[in-house]
Amino acid sequence: METNEPDPRFTLANERTFLAWVRTSLALIAGGVALAHLGATRDPVWVRLLLAAVPTLAGALFCVLGFLHWRSCDRALREESPLPPPRFAAGLAGLVVVFSLVMTGVLVLDEW
C-alpha cells in the first residue's frame, strides 16, 4: 500500500499519546517498587511481593501496548486509513479500579 507523509501535527499528537502511555507505565512501575519497599516489614512476604508485582508488570505491559498502538496509528496515518480504536484504555481503567479496591481491603485488614 502506498504511504504518504501525514501532517506533522497528527504524527506529533500520536507521539504525545504514546509518551503519555509511557508516563503511565513508569508511574505503575514506580508504584510497584514503592509497594515493595514501603511494606518491607510486613508479613507475609508473598502478599507484599504479589501486590508489588501487579502494578510493575502492568506498567511493562501497558508500555508495550502503547508502542503497538502508536505504531498502528502511525501506519494508518501514513496510509490514510481509519485509525485503530484504543483497545486497552478500558483495561487499564479496570485494572486501576480493581487494584484500588484490593489495596483498600489490604489497608483496612492491616489496621484491624
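The values are calculated or read from the model by the stated rules, or taken from the named source; none is laboratory data. In this text, all values refer to a predicted model and were calculated from it rather than measured experimentally. Neighbour counts are summed over all protein chains in view; Cβ atoms, including those assigned to glycine, are modelled from backbone coordinates with ideal geometry.
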Next on the checklist: For region 63-95: of the residues being farther than 16 Å from residue 14 by Cβ, of a type in the set (A, V, I, L, M) and touching a helix residue (DSSP H, G or I) at 6+ places or on another chain (Cβ under 9 Å), which is surrounded by the fewest Cβ atoms within 10 Å (Cβ to Cβ)?
Outcome noted: 64
Checklist entry - Can you tell which of 64, 54, 22 is closer than 20 Å to residue 109 by Cα, under 12 Å from the mean Cα position of the chain (by Cα) and assigned to a helix (DSSP H, G or I)? => result 54
Checklist entry - Can you name every residue in region 1-53 that is modelled with pLDDT of 85 or more and among the hydroxyl-bearing types (Ser, Thr, Tyr)? => result 11, 17, 24, 25
Item to check | Checking residue 46 against (1) in a helix (DSSP H, G or I); (2) of a type outside the set (A, V, I, L, M); (3) within 13 Å of the chain's Cα centre (by Cα), the condition it does not meet | outcome: (3)
